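Everything on this sheet refers to the single structure shown next.
Any read-out appearing in this document is the output of simple, stated calculations on the displayed coordinates, not a laboratory observation. Model, not experiment: these values are computed from the prediction. Glycine gets a Cβ as well: all are built from the backbone with ideal geometry, and neighbour counts include every protein chain shown.
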Amino acid sequence: MEKTEKKIPTPIKVNIDPMRTPILYADVIRVSSSENGFVFDIGQGIAGTNQAVVVARVGLSKEHAKKFAEIVAQHVLKQGVMITGDKKIIN
């Protein structure tokens, strides 16, 4: 019988140039989808109006969108409850 080897994915090294890739605050996200995938329009609301300016658009396949949702959910859960010493802080 032939042994099947499990391939361990090699982590991708990501380099970020903070001058070219600023962090953009977003308080508006619109999601559109089709049978091929998802598009996230990420925006900033304009104070005093019901308008927003889209600052980034991100397209993902269905598979990547599912992985993205799982990772975001994990991070939100991690941040939701913090234990410091003997006290539990719930955000």
Residues of the range 9-43 that turn out to be assigned to a strand (DSSP E or B) and either in contact with a helix residue (DSSP H, G or I) (Cβ under 6 Å, 6 or more places away or on another chain) or not hydrophobic (A, V, I, L, M, F, W, C) (or both), as a count: 8
Inter-residue pairs, beta-carbon under 9 Å, first under 21 Å from residue 67 (Cβ atoms) and free of Cβ contacts under 8 Å to residues at least 60 places away in the same chain and in the range 29-57, second hydroxyl-bearing (Ser, Thr, Tyr) and assigned to a strand (DSSP E or B), 6+ apart: 36/61; 37/61; 38/32; 38/61; 39/32; 39/33; 40/32; 41/32
Only one of 66, 6 that is part of a helix (DSSP H, G or I) and either in contact (Cβ under 8 Å) with a residue 40 or more places away in the chain or basic (Lys, Arg) (or both): 66
Cβ pairs under 7 Å, 6+ apart, first in the range 13-25 and under 16 Å from residue 57 (Cα atoms), second of a type outside the set (Gly, Ala, Ser) and surrounded by 10 or more Cβ atoms within 10 Å (Cβ to Cβ): 24/55; 25/44
